[in-house]
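Participant: Pasting a structure here, questions to come.
The values are calculated or read from the model by the stated rules, or taken from the named source; none is laboratory data. What you are looking at is a predicted structure, and each value in this text was computed from that prediction instead of being measured. Because the Cβ atoms are built from the backbone with ideal geometry, glycine has one as well, and the counts that use them run over all protein chains shown. Heavy atoms of the whole protein, side chains included, go into the accessibility calculation; ligands, DNA and RNA do not. Shrake-Rupley method; radii C 1.70, N 1.55, O 1.52, S 1.80 Å.
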Amino acid sequence: MGYIALVSLRRTIERLLNSSQIPFLPPSPEIIQLVKKRVKSVKHLRRNLSRVDSEKREAVIKEIIEATCTLEDTVRESLSYRWEEEKDKKVINSGMEVVQEIRDTLSNPSLWTEELKVDPLRATLQYAFHFVRTLELVFTVEDRSNSEAVKAVKAEIREAAYRLEDVLESAHVSDQYFLSQSQTPDGDDHTSDLADEVGKETLFFIETANKIWEQLDNLPQQPEQDNAAVVLSRTDHIEGKKEKIFGIDHELVQLKDGLLKKTHYPLTVTTIVGMAGIGKTTLVKEIYEDPDIVNHFKCRAFVSIGAEYALKEIKLSILAQMNPEIDEIHLQDEESLDSELLRLCSRRCLIVLDDVWDMSLWNSVGWKFPFKCHGSRIIMTTRLDYCIWPIGCSVLRKRFLNQQESWLLFCDKVFGGDHSSCPPELEKAGRKIIKKCEGLPLTIIAVARHLRSAEKTPEYWKQAKRKVYTTIISEDEATSQVLYRSYHYLRQHLKPCFLYMGVFPHDSDIAASKLIKLWCVEGLLELINPSFNEYNAMDYLYDLLSANVVKVCQCSSSGGIKTCNIYPVFWHICMREAGEQKFFHVIDSNGNQGIESQRRHCIHNNGMFGIKDVRKSMTSTSNVRSILCTGPYHQYPVPICMDFSLLRVLDALTVRFYGFPSEVVKLVHLSYLAFTYNGKLPASISKLCNLEYLIVRQYLSILSSEARRPYLPKEIWDMQGLRHLQVMGSDLPDPNYKGALLPNLSTLSGISARSCTKEILERIPNLIKLGVQMELAPDFDELLCCFEHLASLHKLESLKWSVVNPNLKLLFPAASVLIFPPGLKKLTLSGLGLPWEYNSTIAKLKNLEVLKLQRYAFQGRVWKRGDDRISFPKLRYLLIEDTDLEEWYVSRRFTWLRRLIFRHCYKLKGIPRQIVRIKHLEIELDDCNNPSLLASIEHWQKRDGIRNLRVCAKFSADDGKQVANA
């Protein structure tokens, strides 16, 4: 996509500008002339902005003004340096006092200073940076256009941007390689060739960009908004063949009761929200034509809005349906429209606004309806959670069909009858097909439409099961159009984030933490805010959830997202768009056509590396930026292609390496490196000066004792760009020089207690997340010292401390107090075997929200909380797992506790009354086979009349689950 290509090019230029050396020659006269021409032509962009809203227009114009000033200064500086003849300078810089002063100074070398030395290449790169940034903004405001002309423009700028980025980075790689080898190229030929190539591609980019400006200038003007949208009337949208409906009976009753309910308000609003194709429109059509609803509301109107709507057309459609005899010719001005609305809305009205995409619709239309009769209603349907508006309206979330409802709908569409009409020999295959549809009516109907006219044999239906999304849905034009709108109207910065999820297999759960790390290192989080990083990027994922194109597979302990994935119906859209936009390519054994121009290679089956033709096709692409092995773990070594000098991301965590891949250290652009390897990292790893994420996992390795754990090379302290370091089985070495510092490191895991010394932790001042594995020594003082050192990490929010050799016989001094960082929000302890009274320190952590106590983190038969004034003030999640706890006494309630889990607590007899009485608490008893535990909860429920408690009891011995709700 053109936008992401521009962002990627901007980041490359930015890195070059921030580097100590730029390895090319100054720009040629041709380039400078084109730069000069571009400065003069920037003003033409203003004419392209006449069709965008004023807020965006003002933002772009401001950016253009700033960029123009910078470009002019840049050209002056470049030209002043390049021409030494006085007459040339006068021609170019006549009348410019500042440039005249610089010229006079440069003509006298004895007066030169560092401040006045001009670097023409850096100046040209600065020009390119601002130019590209301006193009980014233009592409932002043009993004929703789906015309072939705009698509062609985007493709051209994408190609030009990628070509220029490739040559810039290639030259930079070559320069860094020679510097790392303490060599210079033989003669000047190498440098000259690089300069020629850079000049050639820069010319191509600027020529292409100038051509694109002209094309944008000549694009036909879009019609005014009020004439753009086509609003469907009630008869267009409602009338037609009455079809059977399935699975909405309960929702119909709920919606109907709400509409007919007496109210003292003149207007109430109900919003029905759900993903594309889930049946929102079907539901509102059914309620709209319900006889009781028809009789109750004197005036009704049903309007389909869409992503692009016209306010006047919406009002005219509503008026035409409320009064069929209305003369639309005499209602063309706003005053007449509002006057007629005022007259008709004096009666009880029902207005359905179907398929709403924009919250501003309510501000423009909804609240302006002058309802006077109590009991009027507005129903809005939307596929976007952020369109639930106004605040305080009732919300009905449309659910998916269950298996039986899906089967009934399927049989009705395929056979035209009930489920008994399906031949017995097809039922098994048919139910498997339905299971893949995951309860989405749109998918079920599309598959049924395909099978209705196809062979009705078990063999064909088995094949159809494997092709539900790859062929049947993707080739169904009506279904694809409905789904594609969910992607097309995503906000600009969310599109690449959505597409990137396609690098993972469609049936896998994607770890949200890993996804966000990859978004971050790929530069996708900078599309809207350059300061965004992985710690505030969860908003992007929530926006995709709000758009109902991504689903949560598993929630985290803090109530956030642990794993997620794209809804299967959007998979083919993701694959198609990623291929067309050259965003990524999934490696398979079918020839891999078009792989040469792809920026990212994804491998869903690591065995592909063993196929000679696959390796050959991969090595034919020199511009690859990412290799992502996201398939199942492959326990045997495979030859991974690493001959990609421009590689930024290498995720080979599911591939096992017997030896360290020495080719890696040549990948100087690498920002993300993850692989499985049991050996020791070499000192040469420090050559990866751009590395931000280093993840090394061990293969089925038994954790060695701390005395035998290897240290990371001391050069690790030179890698100051590191943000995430996870090297299982290794420790940080003691810093051996004064300047040793990892200022950007925010996540450190896999280390032992040996790395938790004062000297080491002081050199990691910005640590946010820490994971430690240790062996428990006979001397308890060692453990206390470790915790004392951790207390200096004032920014630490998450701590996981695991003992690999729990010693439950170790006696701890009663007077000892554990010290924790005061800002902790999440704490996981495992295997420490501490007495329960040591928990008093944890209870005073004012920001703690999640506490996990696993594998005898604490031991003893009684846990008694006293009358402490401060006791878990913000705790929301508590897990107690594998413990000998029998009795728990609490004097104060955990006010904010929302989830309490006991797992494998076989001796626990009961739960305190103060805990059971916590509002909105969910208690999970997982394999706690003590009848008295559940009985104690039921006792307090009956005694105190507690109704808002949810209890879930699971017993593995029963080969099932027993759930009790209250």
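Participant: Please go through the range 690-733 and pick out each residue that is assigned to a loop (DSSP other than H, G, I, E, B), over 29 Å from the mean Cα position of the chain (by Cα) and at pLDDT 90 or above.
Facilitator: Leu712, Pro713, Leu732, Pro733
Participant: Moving to a separate point now. Report yes if Ser755 is in contact with a helix residue (DSSP H, G or I) (Cβ under 9 Å, 6 or more places away or on another chain), at pLDDT 90 or above and polar (S, T, N, Q), otherwise no. Spell out how you get there, then give the answer.
Facilitator: Working: in contact with a helix residue (DSSP H, G or I) (Cβ under 9 Å, 6 or more places away or on another chain): yes; at pLDDT 90 or above: no; polar (S, T, N, Q): yes.
For Ser755, the condition - in contact with a helix residue (DSSP H, G or I) (Cβ under 9 Å, 6 or more places away or on another chain), at pLDDT 90 or above and polar (S, T, N, Q) - is not met.
Participant: Residues being in contact with a Lys or Arg (Cβ under 8 Å, 6 or more places away or on another chain) and either aromatic (Phe, Trp, Tyr) or free of Cβ contacts under 8 Å to residues at least 40 places away in the same chain (or both): count how many of those fall in the range 423-438. Step through it out loud before you land on a result.
Facilitator: At the first step, the residues of the range 423-438 found to be in contact with a Lys or Arg (Cβ under 8 Å, 6 or more places away or on another chain) are 423, 426, 429, 432-433, 436.
Among the residues that remain, those that are also either aromatic (Phe, Trp, Tyr) or free of Cβ contacts under 8 Å to residues at least 40 places away in the same chain (or both) are: 423, 426, 429, 432-433.
Of the residues in the range 423-438, 5 are in contact with a Lys or Arg (Cβ under 8 Å, 6 or more places away or on another chain) and either aromatic (Phe, Trp, Tyr) or free of Cβ contacts under 8 Å to residues at least 40 places away in the same chain (or both).
Participant: I've got another one for you. Answer with yes or no whether Gln635 is more than 21 Å from His506 (Cβ to Cβ) and not aliphatic (A, V, I, L, M).
Facilitator: On the way: more than 21 Å from His506 (Cβ to Cβ): yes; not aliphatic (A, V, I, L, M): yes.
Yes: the conditions hold for Gln635.
Participant: Okay, moving on. Among what's in the range 360-402 and is polar (S, T, N, Q) and not in a helix (DSSP H, G or I), pick the residue that is modelled with the lowest pLDDT. Quick ask: steps written out before the conclusion?
Facilitator: First, pick out the residues of the range 360-402 that are polar (S, T, N, Q): 360, 363-364, 376, 381-382, 394, 402.
Imposing the further condition that a residue be not in a helix (DSSP H, G or I) reduces the set to 376, 381-382, 394, 402.
Details: Ser376: 84, Thr381: 95, Thr382: 94, Ser394: 89, Asn402: 95.
Among them, the one singled out is Ser376.
Participant: Determine whether the range 577-596 contains at least one residue that is in contact (Cβ under 8 Å) with a residue 12 or more places away in the chain and within 23 Å of Pro682 (Cβ to Cβ). Break it down into steps so the answer makes sense when it comes.
Facilitator: Taking the range 577-596 as the starting set, the residues that turn out to be in contact (Cβ under 8 Å) with a residue 12 or more places away in the chain are 577-579, 581-589, 591-592, 594-596.
Narrowing further to those that are within 23 Å of Pro682 (Cβ to Cβ): none.
No, there is no match, as no residue in the range 577-596 is in contact (Cβ under 8 Å) with a residue 12 or more places away in the chain and within 23 Å of Pro682 (Cβ to Cβ).
Participant: Go through the range 884-922 residue by residue and tally those that are of a type in the set (A, V, I, L, M) and either assigned to a loop (DSSP other than H, G, I, E, B) or open to solvent by 10 Å² or more (accessible area, probe 1.4 Å) (or both). Give the steps one after another, and end with the answer.
Facilitator: Pass one, the range 884-922, residues of a type in the set (A, V, I, L, M): 885, 890, 897, 900-901, 908, 911, 915-916, 918, 921.
Restricting the remaining residues to those that are either assigned to a loop (DSSP other than H, G, I, E, B) or open to solvent by 10 Å² or more (accessible area, probe 1.4 Å) (or both) gives 885, 890, 897, 908, 911, 918, 921.
Residues meeting the conditions: 7.
Participant: Does Tyr500 satisfy the condition of being under 27 Å from Leu515 (Cα atoms), modelled with pLDDT under 90 and of a type in the set (Phe, Trp, Tyr)? Even if it seems obvious, please write down each step before you answer.
Facilitator: Values: under 27 Å from Leu515 (Cα atoms): yes; modelled with pLDDT under 90: no; of a type in the set (Phe, Trp, Tyr): yes.
No.
Participant: Would you check which residues across the range 795-809 are open to solvent by 70 Å² or more (accessible area, probe 1.4 Å) and in contact with a helix residue (DSSP H, G or I) (Cβ under 9 Å, 6 or more places away or on another chain) and list them?
Facilitator: If the condition is that a residue be open to solvent by 70 Å² or more (accessible area, probe 1.4 Å) and in contact with a helix residue (DSSP H, G or I) (Cβ under 9 Å, 6 or more places away or on another chain), then no residue fits.
Participant: Identify, by number, the condition in (1) assigned to a helix (DSSP H, G or I); (2) open to solvent by 30 Å² or more (accessible area, probe 1.4 Å); (3) modelled with pLDDT under 90 that Asp543 doesn't meet.
Facilitator: (3)
Participant: I'm told Phe872 meets every condition in (1) open to solvent by 50 Å² or more (accessible area, probe 1.4 Å); (2) closer than 18 Å to Pro912 by Cβ except one. Can you identify the failing condition by its number?
Facilitator: Result: Phe872 fails condition (1) only.
Participant: Pull up the range 266-292, narrow it to residues that are touching a strand residue (DSSP E or B) at 6+ places or on another chain (Cβ under 7 Å) and farther than 20 Å from Pro441 by Cβ, then point me to the one that is surrounded by the most Cβ atoms within 10 Å (Cβ to Cβ). Can you show your working first?
Facilitator: Quick first cut of the range 266-292, residues touching a strand residue (DSSP E or B) at 6+ places or on another chain (Cβ under 7 Å) only: 266-274, 280-281, 283-284, 288.
Those still in the list that are farther than 20 Å from Pro441 by Cβ too: 266-270.
Working: Pro266: 15, Leu267: 20, Thr268: 19, Val269: 22, Thr270: 20.
Across the range 266-292, the extreme among qualifying residues is Val269.
Participant: Return the pair list, or none, for Cβ contacts closer than 7 Å from residues in the range 316-341 that are exposed (fewer than 10 other Cβ atoms within 10 Å of the Cβ) to residues that are modelled with pLDDT of 75 or more, at least 6 apart or on different chains.
Facilitator: His330/Ser336
Participant: Provide a single number: the residues in the range 844-868 that are touching a helix residue (DSSP H, G or I) at 6+ places or on another chain (Cβ under 8 Å), part of a loop (DSSP other than H, G, I, E, B), more than 17 Å from Ile911 (Cα to Cα) and at pLDDT 90 or above.
Facilitator: Going through the range 844-868 one residue at a time, the tally reaches 1.
Participant: Suppose the filter is open to solvent by less than 40 Å² (accessible area, probe 1.4 Å), under 29 Å from Ser686 (Cβ atoms) and charged (D, E, K, R); does Asp651 pass it?
Facilitator: Values: open to solvent by less than 40 Å² (accessible area, probe 1.4 Å): yes; under 29 Å from Ser686 (Cβ atoms): yes; charged (D, E, K, R): yes.
Criteria met by Asp651.
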